[in-house]
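Only one structure is covered here, and it is reproduced in the block below.
The values are calculated or read from the model by the stated rules, or taken from the named source; none is laboratory data. Predicted, not measured: the structure shown is a model, and the values here were computed from it. We place every Cβ from the backbone using ideal geometry, glycine too, and count neighbours over all the protein chains shown.
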Amino acid sequence: MPLIKVNDINLYYELHGPENADVIVLSNGIFMSTASWAYQVAAFKQHFRVLVYDCRGMWKSDHPVGPYSMEQHANDLAALLHALRIEKAHIAGISYGGEVSMTFALKYSVMVRSLIISSSVSQIDPLLLAIGQSWVGALQSRDAETLYKVTLPYNFSERYIRENQAILAASSKRYEQMDFDSVSELMAAFMRLNLTGDLKKIYSPTLVIVGEEDILKSRKYSEIIAHEIPNSELVIIPHAAHAVCLEKPGEFNAAILGFVLRNCEVVS
């Protein structure tokens, strides 16, 4: 299991693809693992060096005592890249990982070739706070089935849930291995998010992606991000909800590949 010590913790990571290619980093959503990026790794590693990893508090990385913060995650990612001798990368993330990626782009702009933000927000409003508090309540129950049932409708569209019962039943088993205390700290970091006022300071080429049917972090939040970041473009994926990388991997991958290929040196 590839672990590397940075900032006094061990981070789990995987590298895929040609060693001399541009690097694209994929940062997890709050309940995701590196395995959740399987569709993207398979597509992107044909042309890029793909780095997937678990943030502190997630799955195979260390779970130190909190509190956690977005800035701390950004510092960890910078340290991970330095340790792997990666000077610059395309920085991508979905949901929580997108918020980490925006924070990283603000603090470590010289390390960013381009920025890809999916299914994310730049600040917390009363609706997001209320949803977050309901998730924290489910975490405090320490019941994996309760947590899964509370979060499922926010992550996937009605169509996907109806057509993928077997896949979802299998994925629900992961929740039984979840560290509820660490995920609660991740949730607390999310609920302190306040980046909107700083987004104009991001000058990296930026792609913002959102699923048309995302009811958790809906289109309006992505429109705010795309409006505030000067050099950005917005892509809306039809018939997809929050977990767009899983629901519509073909469209999601095509949007990212088309964007990144315009902002990199490609190995064919």
Quiz item: Considering segment 166-180 alone, what residues qualify as being hydrophobic (A, V, I, L, M, F, W, C) and surrounded by 11 or more Cβ atoms within 10 Å (Cβ to Cβ)?
Solution: ILE167, LEU168, MET178, PHE180
Practice problem: Scan segment 124-153 for residues that are acidic (Asp, Glu) and free of Cβ contacts under 8 Å to residues at least 12 places away in the same chain and jot them down. | Solution: ASP125, ASP143
Quiz item: What is the residue count in segment 76-98 for residues that are more than 26 Å from HIS242 (Cα to Cα) and either in contact with a His (Cβ under 9 Å, 6 or more places away or on another chain) or of a type outside the set (Asp, Glu) (or both)?
Solution: 10
Practice problem: Among the residues of segment 9-42, write down those that are of a type in the set (D, E, K, R) and free of Cβ contacts under 8 Å to residues at least 40 places away in the same chain. | Solution: GLU14, GLU19
Self-check item: Yes/no for VAL121 being touching a residue at least 12 places away in the same chain (Cβ under 8 Å) and assigned to a helix (DSSP H, G or I)
Solution: no
Quiz item: Quick one: which of SER222, SER218, SER171 is free of Cβ contacts under 8 Å to residues at least 60 places away in the same chain, hydroxyl-bearing (Ser, Thr, Tyr) and closer than 16 Å to SER120 by Cβ?
Solution: SER218
Quiz item: Right, GLU163: surrounded by fewer than 20 Cβ atoms within 10 Å (Cβ to Cβ) and either under 23 Å from HIS90 (Cβ atoms) or not aliphatic (A, V, I, L, M) (or both) or not?
Solution: yes
Exercise. Scan segment 222-262 for residues that are among the aromatic types (Phe, Trp, Tyr) and either at pLDDT below 95 or over 15 Å from the mean Cα position of the chain (by Cα) (or both) and jot them down.
Key: PHE259
Quiz item: How about segment 251-261: which of its residues are of a type outside the set (S, T, N, Q) and in contact (Cβ under 8 Å) with a residue 12 or more places away in the chain?
Solution: GLU251, PHE252, ALA255, ILE256, LEU257, PHE259, VAL260, LEU261
Practice problem: From the list MET58, MET111, pick out the single residue that is buried (at least 22 other Cβ atoms within 10 Å of the Cβ) and either over 24 Å from SER218 (Cβ atoms) or out of contact with any Cys (no Cβ under 9 Å at 6 or more places or on another chain) (or both). | Solution: MET58
